[in-house]
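Please read the structure below before turning to the comments.
Every read-out reported here was derived from the displayed coordinates using simple, explicitly stated rules and does not represent laboratory data. Just so you know, these numbers come straight off a predicted model, no measurement behind them. Cβ placement follows ideal geometry from the backbone for every residue including glycine, while neighbour counts extend to all protein chains displayed.
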Amino acid sequence: MSIHATYLELMRRLRELGRQESRQHWLGRLGLLITALAGVALLAPLLAHGVAASVSLRWLLALASLAVVGYAAWRLVLQPILAGLAQSANAQSHELALRVGKLQPEGQDRFANALQVYADAAPAETSAVRQALAAAALQQAAEQVNTLDFAKIIDRVTPRKRMRTGLGAFVLCMLTWGAAPQFMSTGATVVLNPHRQIIETATQFSVTPGDVDIVKGEDLIVTAHLNHLSAEALQLEWRFDGAEAAHQVAMKNTGNLAYMHRIERVRASLAYRVQLGGENSRWYNVTVIEPPLIRSMQVTVNPPDYTRRPPQVLAENLGDVVALPGARVSLQLKANKELRAAALQFSWNATFPLQHAGEVASGEFKIDRPGSYTIVLEDVKGLHNFDPIQYRIELETDQTPSVRIAFPGQDVDLDESMQLPLTVLAEDDYGFSSAEIVYEHVPSLGGESRSGSWPLPFNERHQPRLTLQAIWDFTTLNMQPDDIVRYFARVRDNDVVRGPKVAQSQTYQVRFPSLYEIYQEVAAAQSETAQDMQELYQQAQQAKEKLDELAQQLKKDPNLDWEQRQKLSETAGATEQMRENLRQMQERLDEMIDTMERNDLLSLETLNKYLELQKLLQEIDSPELQKALAELRKAMETLDPQKLEEAMKDFQFSQEEFLKGLERTVNLLKQLQAEQKLDEALKKTAELLERQQEVNEEAAKNPDTQTREQMAAQEKGLQQDSESLMQSLPELSSLLNELQQQSPAQKVESAAQMMQSENLSGEMQQMSESLQQGQMTQAQQQGRRAAQTLQRMRESLAGAQKEMRESQQRYAMQALQRSSLDLLALSKRQEQLGGESGNAQSDGMQFNHNADQQQELLSGLSRVAEQLYQTSQKSFAVTPEVARAVGQAMNNMQNALQQLEQRNGRQAANSQRQAMQGLDRAVAGLRAAMQQMSGQQGMGMGMEQFMQRLLGLSGQQQGINQQTEGLTEQGMSALQRQAAMARMAAEQAAVQKSLEQLMQEFGNRGEILGRLDQTASDMEEVVKDLQQQRVNRQTLERQQQILSRMLDAQRSMRERDHSKERQAERAKNYRSLDPGVLPGDLGERKTRMQEDLMNALREKYSRDYRELIQKYFEALTRQEEGEKK
């Protein structure tokens, strides 16, 4: 490219740069111009309203507006145009070149100078050197600026800002004019016509709503619109029909030449007009129309059917509803005029039309959610009720039921019966739909847990409180030792609207303890009781020694000092504490006997002896001891020496009897321990034999691998149990030797030697290993050898038990026969001596002779009493009645001896006769004991008659139990509760009396009646609680225990001969079965229990008791069927 072409290109770029810059300048000026014009168009009309009243101010505003517009036109339009015309193109290019040159720091004005030099050297007359230099300078400058962007010198930001400002002002102006066009146009008129007066224009206004009909109670809104600004305020005037006085108020300016006023709650027709200065609108008429109104309303709430609650009629004109979900609300109303339509409008945007006829409307709707509703009325003219009342809808809560297991109410162990009585208490506000027991059976040997449930039937589903009693038969679960069943009660209420709500009780567990575990618990309880009894005996000895020492001191000096009184008080306190300890031991012994009886751990003979031991403990804490202790404390308070001496004597005697009773109890308890341990060893051996035989039978069936593993585990358990038995036999043998039972001890030692010599434990271990290895032939041989060893052991232990019983019986029979003959001889001599004493004269020799004879008889009786005491240490045959008869005879002999010494023959003969009678009663008691030992004593009634009467008493007891539980129900007044308790106390006392009479008639056979003696005592405690109005949880538990014992007695009588031995079966594969509801239809089998039922129902019991007897018959039959499975 030539240098000249370069010059032309640079000039072209500068001219283009000038045009771009000029456009940016004009854009900025346009923005300023728009801003100025929009400002005048916005501000001038606004200011015009403020200066409209003054001519000078109007002219000033108009001139100022004109000046602003003229200045903006000159400064932003005309002046730039003139300046552009005056400036030459070269000058403009030179200025731009200077500014472009400044873009490069080293260039400065070089670019502009090069252009100027080249332009000056262009003419032809210019020398070639100058032109060459100018071209070189231009070439160099061109090279420097070619890469530059000339447009960078243009200011584009300022024009844009000015344009945005102008547009903003324009938009604001247009919005203002659009919002208030009349207002702004009026202001603009003032600015454009400053010479005209505003008052010269007539004021005009429009009024709304004009003539109108409104509903009574509605607000009337009057609005007036002016056609231009006014300096005066508008006034509203109105008056009601028939009223002379008028009301007038200033209307509120709402802007945009509009004025408004609200007349609230217009209740009568009126006329109104609007005033502005001297101008008035015409009078407008407002006619008030009566809207449809509710004159009366009646609402009825019908609760859901499952609640059985009666309908609730609300007070007239009350519409707030509080009800359960599912309730139906019926509504009936009467309006003040004929209706075209009526409807309920709910807060959840639902409308429910009402049926209407004339002035009456009615309807019914169902509640399923909270909220509110209004009643919408429409009359024949189409008018609606104004601002209808809003009525609330609130939902009541159907409470979740509650349930608890009242009995047993704790974790328990199963006994031999494999049954568990349950009492379930449930509460709900409207009743129940179902109740059930849900359980999970967890096997001890592993395997999958099995779950199930069985229903608790009940009849009255709408009863708010349920007392459900059932007997759970666990035989259907095929439980193994150490298995656990977790269970809870679950109930559902009868809410059919939103679905039944569920509640469940606390979870309890029932465990099936092994036989060995129960024996260990019993052994621990026995050891503790024996140790406590021995300690109590030692404490009693120490107390007696202190008492004897104080008695000797009292004989020397009747006046006791403070220290002696303190010792006597401590002795009395120690006796009280011993009596309390004795009562606690009685309770523990009672629990231990109950455990052994329920689990069939004892033979009949041993169980009967334990019951006799329990009676003996009750005899120790005699009323005489309690009375003597009270008399002693009373004498200590009075400080009367004579009374204190008498009280000391009586207390000393009672203390001695207390000590003797404890000594006898300790010795008998030791003997019972030996008998119980022998029973235990025999039962364990029998159980091991039975389990071994079962394993042997299974081994002969060629079982599969899984079954062999289970059999091996069972055989391992047999080995462990046999080792435990072997460890207990030496202790048993030692105990028998201590009791001088050498022959039974030798047989026990023989059984222990069999286990060792024939390696019973080793055989069982080898059998377990053979089963695991699948060596079935060897396993069968080892199993047969183990079973044979156990069979011989059982025979040896059974022989030891038989010899021990025979030895005890022989000893007791011989001792009782000897004592009976001695007492009989003493009675005959006492009878003869009594006759002599009655006929004796005042001869002193005769009285002395008789006194010597009486002393010999007294000495002989003392020897017999000592014999009986020694016998009582080893046998229960010496009853407390015999001991009391001997004691009374001894006291009468002592009285007779004193009378003879005083020469009082008649009184002596009377005492001797009473002594003889006491001896005869003792002889009769001994002979009765001998007859009972030999099995010759009959029973007072037949078994069948006894069962019938006991069954009837059981039904009565259940009725009393249910009535007592019903006392906790609400709604019963205090007077009603007291009357009910008094009635139940009388019923309980009647049952107690009937039971005691039944036991007496039956002969008090402890081995048959079980624990009915304790049951009668518990009944007496219940009677006291009812009489004293103090029924609590302990009372309910005692009643449940009474019922269980009566049921156990009936079961025991039927099962004594065919008692189901506890079995520890090997694990088998059972199909999971849920124990269903106890069957109500037991078939048509003619069993003995059905006959008992029929006989019992033939008695003249009331209808309620007949129903209870029927229920107990069903429960007993279910027990029998469960145990046969």
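Things worth noting here:
- Loop-located chymotrypsin sites (Phe, Trp or Tyr not before Pro) across the range 50-81 with a Cβ neighbour count of 16 or fewer within 10 Å are lacking, with loop assigned by DSSP.
- For volume of the Cα convex hull per residue in Å³, calculated from these coordinates, the label among (i) 497; (ii) 730; (iii) 224: (i)
- Summarising the amide proton neighbourhood of ASP493: residues at separation of 5 or more, or on other chains, whose placed amide H is nearer than 5 Å comprise SER433, LYS501.
- Measuring r between the beta carbons of ASN581 and ARG903 and using R0 = 45 Å, the FRET efficiency lands at 0.35.
- Taking amide H as placed 1.01 Å from N in the peptide plane, the amide H of ALA327 sits under 5 Å from that of ILE367, each at least 5 places away or on another chain.
- Computed from the C-beta positions of GLN390 and SER449 and an R0 of 35 Å, the FRET efficiency is 0.05 to the nearest 0.05.
- By the beta-carbon count within 10 Å of each Cβ, the least crowded to most crowded order of TYR118, TYR811, TYR610, fewest first, is TYR811, TYR610, TYR118.
- In the chain, a dipole from Cβ-located charges (positive for Lys and Arg, negative for Asp and Glu) runs towards its positive end, and of VAL380, MET764, ILE214 it is ILE214 whose Cα lies farthest in that direction.
- Working from label points 7 Å from Cα in the Cα-to-Cβ sense, the LYS556 to GLN778 distance is 8.4 nm.
- Kirkwood Rh and Cα Rg combined as Rg over Rh, evaluated for the range 414-514: 1.04
- Qualifying trypsin sites (Lys or Arg not before Pro) in the range 247-288, where qualification requires a DSSP coil assignment and no more than 16 other C-beta atoms within 10 Å, comprise ARG265, ARG267, ARG282.
- Charge dipole of the range 785-828 about the Cα centre (unit charges at C-beta), most positive-ward option of GLN814, GLN791, GLN801: GLN791
- Here the gap between ALA86 and GLU697, fully extended at 0.36 nm per residue and compared with their Cα-Cα distance, gives a gain of 206.3 nm.
- Each residue, GLU731 and ARG130, gets one label point 7 Å from its Cα in the Cβ direction; the gap between the two is 14.6 nm.
- In percent, rounded to a whole number, the relative contact order of the chain is 7, using alpha-carbon pairs under 8 Å and six or more apart.
- Per-residue [θ]222 nm for the chain (sum of -39500 (n - 2.57) over DSSP H runs n ≥ 4, rounded to 500): -20500 deg cm²/dmol
- Net +/- balance of residues flanking SER859 in space, Cβ distance below 15 Å, scoring K and R +1, D and E -1: -2
- In terms of Cα atoms, the Rg and Dmax of the range 203-344 work out to 24.2, 77 Å.
- The Cβ shell under 12 Å around ASP320 holds other residues with a net charge of 0, Lys and Arg each +1, Asp and Glu each -1.
- Surrounding net charge for ASP387, when Lys and Arg each add one and Asp and Glu each subtract one, Cβ distance under 12 Å: 0
- Computed from label points 7 Å out along Cα-Cβ, the spacing between THR397 and GLU570 is 6.3 nm.
- DSSP-defined antiparallel bridges as percent of all bridges, the chain, nearest 5: 90
- In a fully extended conformation the segment linking GLN182 and SER56 would gain 43.0 nm over its present Cα-Cα distance, using 0.36 nm per residue.
- In the range 3-190, Cα pairs under 8 Å separated by at least six residues give a relative contact order of 45 percent.
- Think of the range 3-190 as a dipole: +1 on every Lys or Arg Cβ, -1 on every Asp or Glu Cβ, centred on the Cα centre; then among SER65, VAL145, TYR118, SER65 lies furthest on the positive end.
- 17 Å cut-off, amide nitrogen to a point 7 angstrom out along ARG977 Cα→Cβ, residues in the range 463-501: 465
- Of the GluC sites (Glu not before Pro) found in the range 235-312, the ones in coil according to DSSP and having at most 12 other Cβ atoms within 10 Å of their Cβ are GLU244, GLU264.
- Rounded to the nearest 20, the Cβ-based charge dipole of the chain about its Cα centre (Lys and Arg +1, Asp and Glu -1) stands at 5540 debye.
- Lysine pair count for the range 614-706 (Cα-Cα distance under 25 Å; residues 8 or more apart in sequence or on different chains): 13.
- Simple Cβ-charge dipole of the range 515-678, Lys/Arg +1 and Asp/Glu -1, about Cα centre, in debye nearest 20: 360
- Net charge dipole, the range 871-936: roughly 60 debye, given to the nearest 20, about the Cα centre with Cβ charges of +1 for Lys and Arg and -1 for Asp and Glu.
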